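Some notes on the structure that comes next.
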Protein chains: 6
Amino acid sequence: MYSLNVRDHFMIAHSFTGEAFGPAQRLHGATYVVDATFRRAELDDDGLVVDIAAAADTLRGILDAMNYRNLDEEPAFEGENTTTEFLARAIFERLAAALRGGELGEAARGVHSVRVTLHESHVAWGSYEGSP
Amino acid sequence: MYSLNVRDHFMIAHSFTGEAFGPAQRLHGATYVVDATFRRAELDDDGLVVDIAAAADTLRGILDAMNYRNLDEEPAFEGENTTTEFLARAIFERLAAALRGGELGEAARGVHSVRVTLHESHVAWGSYEGSP
Amino acid sequence: MYSLNVRDHFMIAHSFTGEAFGPAQRLHGATYVVDATFRRAELDDDGLVVDIAAAADTLRGILDAMNYRNLDEEPAFEGENTTTEFLARAIFERLAAALRGGELGEAARGVHSVRVTLHESHVAWGSYEGSP
Amino acid sequence: MYSLNVRDHFMIAHSFTGEAFGPAQRLHGATYVVDATFRRAELDDDGLVVDIAAAADTLRGILDAMNYRNLDEEPAFEGENTTTEFLARAIFERLAAALRGGELGEAARGVHSVRVTLHESHVAWGSYEGSP
Amino acid sequence: MYSLNVRDHFMIAHSFTGEAFGPAQRLHGATYVVDATFRRAELDDDGLVVDIAAAADTLRGILDAMNYRNLDEEPAFEGENTTTEFLARAIFERLAAALRGGELGEAARGVHSVRVTLHESHVAWGSYEGSP
Amino acid sequence: MYSLNVRDHFMIAHSFTGEAFGPAQRLHGATYVVDATFRRAELDDDGLVVDIAAAADTLRGILDAMNYRNLDEEPAFEGENTTTEFLARAIFERLAAALRGGELGEAARGVHSVRVTLHESHVAWGSYEGSP
């Protein structure tokens, strides 16, 4: 099993609903350092899991759509607590759609799983992993 | 599959028994930087894998019981080589018991696997992963 | 010259004023991983730069006063762009006051410089250094 | 499931063939920081996944055979694009052979999977995982 | 004293001349993760050391001129051992020229020192620091 | 001003004397990840701050003399609290003596300052810097 990972980041504001969140119910924010990991059983004809530049560009585009925003006002996340693990899945779904749509090239269709990890600090991270 | 990780550390003295350990048979010590990773298939009603503050507190409590101690004199580890991988399992067992006992809340019972990783330096780590 | 560093973090929302900031003029946020570095020429009678637990507690208290907040609404920062380097100085000033006020103990008065570094992502950080 | 990881690095020159590689078709190079992760279900009689010193020595020997070289001129890689993921597998195969040959000791035969990860920068890594 | 740092990387091939270099006399290569740190006594009118986006763009341009190349064939480095510390200075000189030339904006002329650090692995780095 | 840094680690047991140390008065231990940073104004004839292999070997030798030991029983540290900052100076003194004694080569006599940093965890480090 082969893996390839690219890293980038985005910076957002948000707040959480529910007593479980304590002071995080207030409007605050986070830097998320994002790892996108692509997995497949065999390499493509160029000896790659995915084209690393294409993977980085696709991830950058997905993050740009959320970067420097208040997620409480994003229609896509209405009524949701945009926790680290929730956002990991949201980014996964967008990466999976890009893979299915051929945005990372035809060869990238051989990718059978993707994991998205969001590091919210030096002591905490969350992730989501699934099939595209 | 969702994951959430919290990180903390503890500092101990110990020695190892067996020629395989060479100079590590002498009394020495280590800082272990600990990652506790919780996994589950679906998020709870708050959009969480586990309450991150509860997870951090539970981990802190488990590490406090070993912190600033000589593990050679801990009854719980009598007759054992407290290697990095052995300690990863010991901490896993205590976290698993906390999850089963409801210490991380009722919703945390949805966690189906836990991995505990101990970083003993910038070049070595060990881990144990299992079901709580 | 001796140094001692403690690390912690806080999570805030804010926005910037001025065309130079581009999309960061929108309400967004950041995780800041904070390093507080204390320097002195000679160690105190216990062989310390500062008591590491006292330093960590004092830093934690300063960060708690900003944590999980929208800095745009903090009276202390009214009319200011709370950039990384600006916040580094703000935290420095509060640490310096704590040192002068004896909050880190009498021995800590021997500290002659403090540097506060805020890591805003894996690729950028800012700092401020001065005498307390 | 237990894991143990050792880290080391090597520095090489190489070039890639194929338009997909853009400027990386030119002769360039990389530092690869390598993680070798060994996994097994039960610890050996010493409480170990593998002897950490033996694992580090074996990995060092494998990396020395490639270190400070131009991989374009290595007979073992003739006609191949020595991408990060390709090299991860090449190192995996050599570690697997060492395990099967008893180089890490008889007890290390209990290792049932190995993952080799090559970090090529602070934002990208590739890996290969399989059974020895 | 304020500082602001941006990080990026480049990947090159090179070889060294002189017995002191041992096996590094062979053609090999490196990934250099580069930190460019700008320092000044007072912030500019926007509350900045330098515009972080302008700093990152300028650094990227300087690294692009060396990226994916064999430094042994670069006229600028003819007759030189392109050691980590030598390259740190070469990048410093280019950043200093960009600052003096106004490429980072007029306000950036307030920067009075720059440090360039090249991380060549997880265990070694070199740097050069001077006035622009 | 040029710098070159090499990193290594050692693992020890110790205890502290004095109420200020709280639970750290008990026998415990630490992994110290050590950075040795050498500084000079001009490079030597090979384009180096110091020979990196010689620097790494000298540091390794100094750490080996303390590695896998109980510092409470080391004659060199009798009556001392072997705090992180104290140990940073102790290692500095040994590196400085090695430089003065020519162990890093004649060219290394151009080094005019050395900083030794000991990382005791992911959240704390101490250092000592001086002239050799």
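The values are calculated or read from the model by the stated rules, or taken from the named source; none is laboratory data. Since we're looking at a predicted model, the values are computed, not measured. Counting neighbours? That spans all protein chains shown, and the Cβs are built from the backbone with ideal geometry, glycine included. Surface accessibility is based on the protein's heavy atoms, side chains included, excluding ligands, DNA and RNA. Shrake-Rupley method; radii C 1.70, N 1.55, O 1.52, S 1.80 Å.
Which count do you get for residues in segment A:62-89 that are open to solvent by less than 40 Å² (accessible area, probe 1.4 Å) and away from chain B (no Cβ under 14 Å)?
Number satisfying all stated conditions: 5.
Regarding segment C:51-61, can at least one residue be identified that is surrounded by fewer than 20 Cβ atoms within 10 Å (Cβ to Cβ), in contact with a strand residue (DSSP E or B) (Cβ under 8 Å, 6 or more places away or on another chain) and over 22 Å from A:Leu71 (Cβ atoms)?
yes
What residue, of E:Tyr32, E:Tyr2, is farther than 30 Å from D:Asp64 by Cβ, open to solvent by less than 20 Å² (accessible area, probe 1.4 Å) and not β-branched (Val, Ile, Thr)?
It is E:Tyr2.
Which of the residues spanning segment D:8-29 are surrounded by fewer than 24 Cβ atoms within 10 Å (Cβ to Cβ), more than 15 Å from D:Ala88 (Cα to Cα) and in contact (Cβ under 8 Å) with a residue 12 or more places away in the chain?
Within segment D:8-29, D:Ser15, D:Phe16, D:Thr17, D:Gly18, D:Phe21, D:Leu27 meet the criteria.
Please work out which residue is nearest to the other protein chains (Cβ to nearest Cβ), limiting yourself to segment B:98-119 and to residues that are open to solvent by 30 Å² or more (accessible area, probe 1.4 Å) and outside any strand (DSSP E or B).
B:Ala107
Might you let me know whether segment D:120-128 holds any residue that is closer than 26 Å to D:Phe16 by Cα, touching a Lys or Arg at 6+ places or on another chain (Cβ under 7 Å), among the β-branched types (Val, Ile, Thr) and open to solvent by less than 60 Å² (accessible area, probe 1.4 Å)?
Yes, that holds for at least one residue.
Going residue by residue through segment A:35-44, is there one that turns out to be aliphatic (A, V, I, L, M), open to solvent by 20 Å² or more (accessible area, probe 1.4 Å) and farther than 30 Å from C:Thr84 by Cα?
Yes, segment A:35-44 has at least one match.
Run down D:Phe10, D:Phe86, D:Phe38, D:Phe21 and say which single residue is modelled with pLDDT of 95 or more and farther than 30 Å from B:Thr117 by Cα.
One residue alone meets the criteria, D:Phe21.
Mind listing whichever residues of segment E:16-31 are out of contact with any Asp or Glu (no Cβ under 6 Å at 6 or more places or on another chain) and more than 7 Å from chain D (Cβ to nearest Cβ)?
E:Phe16, E:Thr17, E:Glu19, E:Phe21, E:Gly22, E:Gln25
Anything in segment C:61-112 that is in contact with a Gly (Cβ under 6 Å, 6 or more places away or on another chain) and free of Cβ contacts under 8 Å to residues at least 12 places away in the same chain? List them, or say none.
Passing the criteria: only C:Phe86.
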